[in-house]
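First up is the structure itself, then whatever we jot down about it.
The values are calculated or read from the model by the stated rules, or taken from the named source; none is laboratory data. Source: prediction; values computed, not measured. Positions of Cβ are generated from backbone atoms using ideal geometry, with glycine treated the same way; all protein chains shown enter the neighbour counts.
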Protein chains: 2
Amino acid sequence: MSDSQQTVTSEQEMLNWGRLLMDGLVYADLLAARDRGPEENWFDFWMSRADHYEKLADESLATGHRMTAGYWLWVGSMAAQYAQFLWFDERRPIGQDRKVELYRRAAPLLDPPAERYDLPIDNTTIVSYLRLPKSANGRAVPCVVLLGGLESTKEESYLFENLLLERGLATITFDGPGQGEMLTDVALAGDFERYSSKVLDHLKTLPSIDAARIGVLGRSLGGHYALRAAATDPRFRACLSWGGFVQMDDWDFETPMTKQSWKYVTNSDTLEQAQVRVRDAIDIRPVLAGLTCPTYFQHGAKDELPMSEIDQLKQYAVNAPLVFDIEPEGDHCCHNLGPAPRLRMADWMADQLTS
Amino acid sequence: MSDSQQTVTSEQEMLNWGRLLMDGLVYADLLAARDRGPEENWFDFWMSRADHYEKLADESLATGHRMTAGYWLWVGSMAAQYAQFLWFDERRPIGQDRKVELYRRAAPLLDPPAERYDLPIDNTTIVSYLRLPKSANGRAVPCVVLLGGLESTKEESYLFENLLLERGLATITFDGPGQGEMLTDVALAGDFERYSSKVLDHLKTLPSIDAARIGVLGRSLGGHYALRAAATDPRFRACLSWGGFVQMDDWDFETPMTKQSWKYVTNSDTLEQAQVRVRDAIDIRPVLAGLTCPTYFQHGAKDELPMSEIDQLKQYAVNAPLVFDIEPEGDHCCHNLGPAPRLRMADWMADQLTS
């Protein structure tokens, strides 16, 4: 494959309109990204949008418009996210750091705000952000732990958090092994549940949270982690796997860019090494019998991930009440279907934690 | 022009991606509208989406998910709006009635809810919807009167209302002459201020509203009405004209479909008759000297409306502090520029009414 072919293929994969719009990026920016001239590459285009939005945020702060400033800083962090999310060279950490920086500035300005908690674990830190619903009014409320995936991190779940917050649930997001702020310290590994349980330990110390009503929800690889988290920690009351999967033994269906992502987050030297590491780390069949809480599994039939993951889940999660939400026309995570799948998931989770 | 050419032209004008997305329509529906087969016409496609969303709403209500139901009913009302908004035959009232019906069902389920007030005037009724910010907590709050335009009505301002509500302002919307629920009783006329002032009278009776802090904001033709409302009623504390204009004497720059809209809302037999009626009714030069409150005028330089409207405003509104927001790349109402112009307008209005 020539360089130019690679570029075209990459851009088609990166400019996933459904995903980017549902994650809150600005439509006018998507048009401009598509139509920009050959002199400007994808990364530079989006990083310059991030700069533009930070400038708008600073202007808004200077005139006392904190809410608008928070929005621009968050949109700027999303621009930086999607600048870097499928590059595997020095652009990756540069864009990642920029996303983290902009989201950190946005956090206290969001509505409701996101409060940062740094949780020590081993020789590193879990960076997490907690948001409380405005309707709480001092009462302890249920909480959902949101998990990012292969190249998504704690910053991208903002709009889904809003759906949960509107429904009276608190939210907490964090970066685990192989993700965002933790990647340089800890590569992808097979013990994600140590991190999700650590976050749950933290939640139990907060008077604002009803510790008996905590759910876990993850998207894509995060949907795999959510199953692992709930299967290994009975304190989770509900589990939602959004475009997730049980194991990654036969990764031939993955796109070339996704394979590169696996290589990057496992800190592997070769694709072959990455494949082995992923196969060993990403397999919850041995623990799925421990899953006992209500569990929702969402899958688009047009996902690259095979429908056989549904059978795997049924075969191994024999002790959990399972709900399957299979969309015949859905792509990976059903990003192409608009708000319907997300609203169903938010309502299901609220039902589990508030009824 | 052949029928098929007319259809293509019409559809290009109707499928205004920036406008429809910023008004909250579902991106997946826009794709499906664009890609649908020749056997399904525009009107039927969108009316069937409205039916689909009402079905989702009923399912949500049946399972106790009121917030989601409110969202679907509102999106359904938007689908009905854009089904009919540029047809000038029996489809117009059918789609209009459907929009009204779905929004009326949505109103109590919105967050915050919209409360309907029927205000008698002459031999008809002003149908209005009031929403109070959640942050009010029983305090009297400022309020913004939102005005629809040539083919937009009280139902389409929902997302803009949300921007104002988040900033602590109440909102009220209504249909005036030539608009929505009033059109069959009263065609477009030159006395819109009688209706906006009637709504203001109503607001002054409500303990939830700070009657000394009421602004008016309108989009497109509503931006013209906003100027008229504020110029003739000194109780308005701030005025925002979003893509508005001063007069409509030289309508040659209007598109054929917009001319058809004028004919429809003036209840005229011919385009020539419509042109005269519009020219006479839509001209605020005689009253603009009465405009004294802070006034914000937003215009996209790529609008069909000429830049000379800015000069007209400067020439006649000699007693008002004027703020101009001219976007060099903006189309009509700057729909193509994403959230930035809307956030600026919301912040400006909040500054006027809360400082």
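May I ask you to verify whether A:GLY178 is touching a residue at least 60 places away in the same chain (Cβ under 8 Å) and in contact with a Leu (Cβ under 6 Å, 6 or more places away or on another chain)?
The answer is yes for A:GLY178.
Which of the numbered conditions does B:VAL144 fail, given that it passes all the others? Conditions: (1) buried (at least 24 other Cβ atoms within 10 Å of the Cβ); (2) more than 13 Å from chain A (Cβ to nearest Cβ); (3) under 19 Å from the mean Cα position of the chain (by Cα); (4) within 27 Å of B:ALA32 (Cα to Cα).
Tallying (1) buried (at least 24 other Cβ atoms within 10 Å of the Cβ); (2) more than 13 Å from chain A (Cβ to nearest Cβ); (3) under 19 Å from the mean Cα position of the chain (by Cα); (4) within 27 Å of B:ALA32 (Cα to Cα), B:VAL144 fails exactly one: (4).
If you go through the range A:24-44, how many residues are within 12 Å of another protein chain (Cβ to nearest Cβ) and part of a loop (DSSP other than H, G, I, E, B)?
Counting residues in the range A:24-44 that are within 12 Å of another protein chain (Cβ to nearest Cβ) and part of a loop (DSSP other than H, G, I, E, B) gives 3.
Restricting to the range B:266-320, count the residues that are charged (D, E, K, R), closer than 25 Å to B:ARG194 by Cα and touching a Phe, Trp or Tyr at 6+ places or on another chain (Cβ under 6 Å).
Total satisfying the criteria: 2.
Are any of the residues in the range A:200-211 under 12 Å from A:VAL145 (Cα atoms), of a type in the set (D, E, K, R) and in contact (Cβ under 8 Å) with a residue 24 or more places away in the chain?
There is no residue in the range A:200-211 that is under 12 Å from A:VAL145 (Cα atoms), of a type in the set (D, E, K, R) and in contact (Cβ under 8 Å) with a residue 24 or more places away in the chain.
Output the residue which, of all residues in the range A:45-57 that are among the charged types (D, E, K, R) and within 14 Å of chain B (Cβ to nearest Cβ), is surrounded by the fewest Cβ atoms within 10 Å (Cβ to Cβ).
Selected residue: A:LYS55.
Which of (1) more than 12 Å from chain A (Cβ to nearest Cβ); (2) not in a loop (DSSP other than H, G, I, E, B) does B:VAL318 not meet, given it meets every other one?
Here B:VAL318 meets the rest and fails (2).
If you go through the range A:323-331 one residue at a time, do you hit one that is in contact (Cβ under 8 Å) with a residue 24 or more places away in the chain, of a type in the set (Val, Ile, Thr), touching a Ser or Thr at 6+ places or on another chain (Cβ under 9 Å) and within 14 Å of chain B (Cβ to nearest Cβ)?
yes
Given the criterion over 19 Å from the mean Cα position of the chain (by Cα) and away from every other protein chain (no Cβ under 14 Å), identify the matching residue among B:ARG98, B:ARG91, B:ARG66.
Matching residue, one of B:ARG98, B:ARG91, B:ARG66: B:ARG91.
Scan the range B:161-194 residue by residue and report those that are within 14 Å of chain A (Cβ to nearest Cβ) and either modelled with pLDDT under 95 or under 16 Å from B:GLY218 (Cβ atoms) (or both).
Correct list: B:LEU163, B:LEU164, B:LEU169.
Scan the range A:266-283 and tell me whether some residue there is under 22 Å from the mean Cα position of the chain (by Cα) and closer than 27 Å to A:ARG344 by Cβ.
Yes; the residues of the range A:266-283 include at least one that is under 22 Å from the mean Cα position of the chain (by Cα) and closer than 27 Å to A:ARG344 by Cβ.
Sort through B:SER197, B:SER135, B:SER152 and tell me the only one that's crowded, with 22+ Cβ neighbours inside 10 Å and not in a strand (DSSP E or B).
B:SER152
What number of residues within the range A:88-125 satisfy the criterion of being more than 15 Å from A:THR153 (Cβ to Cβ) and among the aromatic types (Phe, Trp, Tyr)?
Looking only at that region, the number is 2.
What residue, of B:ARG219, B:ARG237, is over 17 Å from the mean Cα position of the chain (by Cα) and charged (D, E, K, R)?
B:ARG237 is the lone residue from the list that is over 17 Å from the mean Cα position of the chain (by Cα) and charged (D, E, K, R).
Taking B:THR184 and the conditions (1) closer than 20 Å to B:TYR264 by Cβ; (2) of a type in the set (S, T, N, Q); (3) buried (at least 24 other Cβ atoms within 10 Å of the Cβ), which numbered condition does it fall short on, given that it satisfies the others?
(3)
Restricting the search to the range B:258-301, which residues are within 15 Å of B:GLY149 (Cα to Cα) and of a type in the set (Lys, Arg)?
Hits for the range B:258-301 are B:LYS259, B:LYS263.
Taking the range B:11-48, which residues are small (Gly, Ala, Ser) and closer than 21 Å to B:THR258 by Cα?
Answer for the range B:11-48, where residues must be small (Gly, Ala, Ser) and closer than 21 Å to B:THR258 by Cα: just B:GLY18.
Mind checking which pairs have a first residue in the range A:77-105 that is crowded, with 22+ Cβ neighbours inside 10 Å and a second that is in a helix (DSSP H, G or I) and among the β-branched types (Val, Ile, Thr), Cβ under 8 Å, 6 or more apart or different chains?
Short answer, once both residue conditions are applied: A:SER77/A:VAL100; A:GLN84/A:ILE94.
Evaluate the range A:229-239: report whether one residue or more is in a helix (DSSP H, G or I) and surrounded by fewer than 18 Cβ atoms within 10 Å (Cβ to Cβ).
There is no residue in the range A:229-239 that is in a helix (DSSP H, G or I) and surrounded by fewer than 18 Cβ atoms within 10 Å (Cβ to Cβ).
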